[in-house]
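Asker: First, the structure itself, so that you have it in front of you.
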Amino acid sequence: MTSNDSETVRGDCSFCGETVTSRHAIIHYETAGGDTGVWAECPSCGEIVDPTDAK
């Protein structure tokens, strides 16, 4: 289960490395494996990222 706290860290932007929190989430979804995923807008560079999959 995910937290609804807007300051929960979701991960980092894969473009610029900025920390992305729940406040920046655009879409929450469930994967085929039953995990929760999120797409978010980076607060620094504005790119749409999957912050849990940052490399």
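Asker: Could you give each residue of the range 30-43 its phi-based ³J(HN,Hα) in whole Hz, using Karplus coefficients 6.51, -1.76, 1.60 with θ = phi - 60°, and x for Gly or Pro?
Answerer: 10, 7, 4, x, x, 7, 8, x, 8, 10, 9, 9, 5, x
Asker: Another one. Points 7 angstrom from Cα along the Cβ direction at residue 35 and residue 47: gap in nanometres?
Answerer: Computed distance between label sites residue 35 and residue 47 equals 2.0 nm.
Asker: Before I look further, what does the chain give for accessible area per residue, probe 1.4 Å, in whole square angstrom?
Answerer: Working: 3700 Å² over 55 residues.
Per-residue value: 67 Å².
The values are calculated or read from the model by the stated rules, or taken from the named source; none is laboratory data. Predicted model, so just to flag it, every value in this text is computed and none were measured. Backbone-built Cβ (ideal geometry, glycine too); neighbour counts: all protein chains shown. Surface accessibility is based on the protein's heavy atoms, side chains included, excluding ligands, DNA and RNA. Shrake-Rupley method; radii C 1.70, N 1.55, O 1.52, S 1.80 Å.
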